[in-house]
Amino acid sequence: MRMVTSKNFLFIFFLLTMSFVPFGVGAESYDYDLGVSEVTFNVSENELIAGSKIRIYSTVINNGKFDVAGYVSFYQGPTLIGRSSEVTAKAGAFPEQAWVDFTIPSGSFNIRVELVDLSPQDQNSSNNIFVTKIFSPQIDSDGDKIIDSKDNCPTQSNSDQKDNDHDGQGDVCDSDDDNDGILDTDESSKGTSAFSSDTDQDGISDAIDNCPTLANKDQKDSNGNKKGDVCEPIVKEKSSGTSSSGGNSDIGKTSNTVSQTDSSKKDSSSLTSLSEDQKKEESKENSSLFPNLPRVDLKSYDEKALEEGTSSVSKNFISNKIEENQSSSLMAYERYGWKTFRFYIDQATKDNDAKYYWKFSDGQETEANEITREFPGLGIYRVSLYNIVEGNQILLDELQVQIGFLDYRNPWFWMSLGILIIIALLVIYFPLLRTRNLKKNEPLLDQEKNLQEISGELEEESEEIQEENEIEKESEIKKESDTENLGDNPE
């Protein structure tokens, strides 16, 4: 479909004008005279882009007294673009339009339009040909129908012009779509989003977040290795040694290791010595609900216990869980609302003599067999369950919960949706109300119109009666005058 522009309006106005004013006004009139004019030249697109296909038009006007048939040829320079289908222009009728398809060249060009093979032969050849102005097409290097000067990625096709970070560079060309300083190619390896500068929505940019995939506003990093604790729980083991002086037993150096929470890396933990700074950091943990004890993951502890031949209250439970590969089935939860969860331990695997500790990635800790927790807001939260066995904190299980805005439990979502529905209904209601009122008032309007018509008729009748009375009065005056004249002149 051709777009209607101001140029098209002028073109239509010209056609209507030319329908009543022939080319030959003030000049010799011909029996057979078809004509074309540059004024009637038109194209199907507002913007000419090199390489695109358009349709070019010219209007044929019959200025003569009789019908004439013929063709219109279009040329780019000496090269024939094409010839229109036969045009029959009737005398005194509306003009006819001829057209051909044309592929826009990369350089400047003009078009020559010429009437040919007319039947009967045209008697006025002066208006049978014209040449358009010079056209300078725009360049579209990637062929996405957007010219290079307006394209936010002129070298790669992107008709949607998506620009996630609004930096003026299209996503298909932008190596950092969220403008967080991390290349898109590196985002996938880090597990972060290439289209969000804060993947876990904790208010800290991925570029400086020590755990960009899990919410941790506090950025706690107990071992100082620049990886947040929620992404890398600290694993410690306590060892003891015997002093040769006085036979007193001294606590040996405490060692720690970093255990990846990912199940594929849990069995690769190792033990390393704690530095003095790490011991100070450990002392700070005394303020939390967790006892100040070394922490190890379940499988590492079990392997060490089996190797040393030691036993524990939960030894059988731990061994069975590892053998059955069920380390992720101890915890369970129920969701009570948008942000409220109940976390509990599966009764089938619960050890009633053990103490269980819960730790959440937003910093909350508690000791309980089960806990009902309302999270503070949107985000991804890690929940960790620990047990105390032989003076060690055993990481039994972990899971993640996500709280999103587009959740049917979210009251703010429904409130927003309700507001949008109300606005939509109002947009529909008021036009309908206006239409209804107009229809309701139509009888009154008709009645008023009828009254106006009757009033007009009465006024006309009154004027007629008044005119008749005046005529009668003038007639009587004339008669009286004639009578007086006859009395004065008896002859």
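The values are calculated or read from the model by the stated rules, or taken from the named source; none is laboratory data. All values derive from a computational prediction rather than experimental measurement. We place every Cβ from the backbone using ideal geometry, glycine too, and count neighbours over all the protein chains shown.
Structural remarks
- Residue within region 160-167 that is part of a loop (DSSP other than H, G, I, E, B) and closer than 30 Å to Asn63 by Cα present: no
- Selection status of Lys162, surrounded by fewer than 14 Cβ atoms within 10 Å (Cβ to Cβ) and outside the structural domain of Ile54 (by TED's automatic domain parsing): no
- Taking the listed residues Asn158, Asn127, the one that is modelled with pLDDT of 90 or more and either in contact with a Ser or Thr (Cβ under 8 Å, 6 or more places away or on another chain) or closer than 18 Å to Ala50 by Cβ (or both) is Asn127, with no other qualifying.
- Exactly one residue out of Ile61, Ile81 is assigned to a strand (DSSP E or B) and over 45 Å from the mean Cα position of the chain (by Cα), and it is Ile61.
- Residues in region 27-43 that are surrounded by 16 or more Cβ atoms within 10 Å (Cβ to Cβ) and touching a strand residue (DSSP E or B) at 6+ places or on another chain (Cβ under 8 Å): Tyr32, Asp33, Leu34, Gly35, Val36, Ser37, Thr40, Phe41, Asn42, Val43.
- Yes/no for Leu432 being in a helix (DSSP H, G or I), among the hydrophobic types (A, V, I, L, M, F, W, C) and free of Cβ contacts under 8 Å to residues at least 12 places away in the same chain: yes
- Residue within region 21-40 that is at pLDDT 90 or above, assigned to a strand (DSSP E or B) and under 28 Å from Asp148 (Cα atoms) present: no
- Which numbered condition Leu406 fails, given (1) touching a residue at least 24 places away in the same chain (Cβ under 8 Å); (2) over 21 Å from Cys211 (Cβ atoms): (1)
- Among the residues listed as Leu417, Leu406, Leu438, the single one being part of a helix (DSSP H, G or I) and under 30 Å from Thr199 (Cα atoms): Leu417
- When residues of region 65-98 are limited to those that are without any contact (Cβ under 8 Å) to a residue 40 or more places away in the chain, polar (S, T, N, Q) and within 19 Å of Ile111 (Cα to Cα), the one surrounded by the most Cβ atoms within 10 Å (Cβ to Cβ): Ser84
- In this structure, Asp140 does not satisfy being charged (D, E, K, R) and either free of Cβ contacts under 8 Å to residues at least 24 places away in the same chain or closer than 30 Å to Asp229 by Cβ (or both).
- Within region 178-203, being of a type outside the set (S, T, N, Q), without any contact (Cβ under 8 Å) to a residue 40 or more places away in the chain and in contact with a Ser or Thr (Cβ under 9 Å, 6 or more places away or on another chain) holds for Asp178, Asp180, Gly181, Ile182, Leu183, Asp184, Asp186, Glu187, Lys190, Gly191, Ala194, Asp198.
- Scanning region 51-84 for residues that are over 21 Å from Ile134 (Cα atoms), among the polar types (S, T, N, Q) and touching a Pro at 6+ places or on another chain (Cβ under 8 Å) gives Asn62, Asn63.
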